[in-house]
Amino acid sequence: MTLRRQSAVLLALAALWLGAGCGGGDRTVFSAETDDSSYRQGQQLKAQGRYSEALSSFLRVIERRGEQASAESHLEAGLIYLNHIKDPIEAIHQFRKYLELQPNAKQAPYVRGQVDVAKREFARTLPAHPLEDQSIRFEMQDQVDRLQRENEELRAELQTLPGAAPASLLHVTRSSAAPAAMDTSPITLAPLPAGTAPAAPLAIAPSAPRPLFSPASAASGGRTHTVAPGDTLYKIAKQYYGSGSKVEEIFNANRDVMRDKNTLPRVGTELKIP
């Protein structure tokens, strides 16, 4: 009886072993991802600086195991895409796949930081705005300020013009011999209509040329510039130094009469030229 019972137990164990082997034939059991031969090969190739080959190994792990079981390979592939292949879009995809599978992992904050780095790298590939060049921006702002200042000065001059005679009684004509930009012909008055009392004599004296340098300052070794319509600090610097690089120095020398570099004092004010 004992021998028969032992034989029965052995047969039962054999049947269970055979049944387990046949029933699990369609099921693939993976070892840990980090123990995968392709994963270990990828790590070795990465350490040797053979990044393209290492990437192929990690992608092979993902293909064989499936995306849902290859979090570490997604991370390794993302780092290679970002730092060595220079493909930030694919790097972002790999990083996000890792975070989807391991949202609470110890490395999750680091991986989120790498997503931000990849976004910045991608942004650098976009075309830059043409006005980022500071010198161009300064030139354009200078022109805008100059035009606004000229407009304000012309308005002020029109408001202060003397009304010596009505426009209907006084006709001003100029000779067309000289160009408009260099018109130096005398102003002539047309005859008044019959029966009109003559107005008071109108004396028009040519204006003396404006000196660029003050005699007093020349004697002391310094230079001055008298502000004229259309002047800007950049234009003055270019006039005296040949470039606009001395704007800051001229402004610092005239802080007592200037609020800022973009606002010159009124026409006729003398500025010190260091």
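Values in this text are rule-based calculations from the coordinates and carry no lab data. Since the structure is predicted, the reported quantities are computational estimates derived from the model, not experimental observations. In this analysis, Cβ positions are derived from the backbone assuming ideal geometry, glycine residues included, and neighbour counts consider all displayed protein chains.
Rounded to the nearest 20, the size of the Cβ-charge dipole of the range 215-273 about its Cα centre is 60 debye, with Lys and Arg at +1 and Asp and Glu at -1. Per-residue Karplus couplings for the range 62-76, computed as 6.51 cos²θ - 1.76 cosθ + 1.60 with θ equal to phi - 60°, are listed in order as 4, 5, 6, 8, x, 4, 6, 10, 9, 4, 5, 5, 4, 5, 4 Hz, Gly and Pro entered as x. The residues packed around residue 65, meaning those with a beta-carbon under 9 Å from its beta-carbon, carry a net charge of -3 if Lys and Arg are +1 and Asp and Glu are -1.
Over all orientations, the range 30-124 has a Cα convex hull whose mean projected area works out to 5.6 square nanometres.
Determine, for 160, 224, 34, the number of other Cβ atoms within 10 Å of each Cβ, and report the residues in order from fewest to most. Write down the numbers at each step before the final one.
Numbers: 160 7, 224 18, 34 11.
Listing 160, 224, 34 from fewest to most nearby Cβ atoms yields 160, 34, 224.
Determine the distance separating the Cα centre of the range 238-253 from the Cα centre of the range 73-100; give it in Å without decimals. Using only Cα atoms, the two centres lie 52 Å from each other.
Placing a pseudo-label 7 Å from each Cα along the Cα-to-Cβ vector at residue 112 and residue 86 gives an inter-label distance of 3.0 nm.
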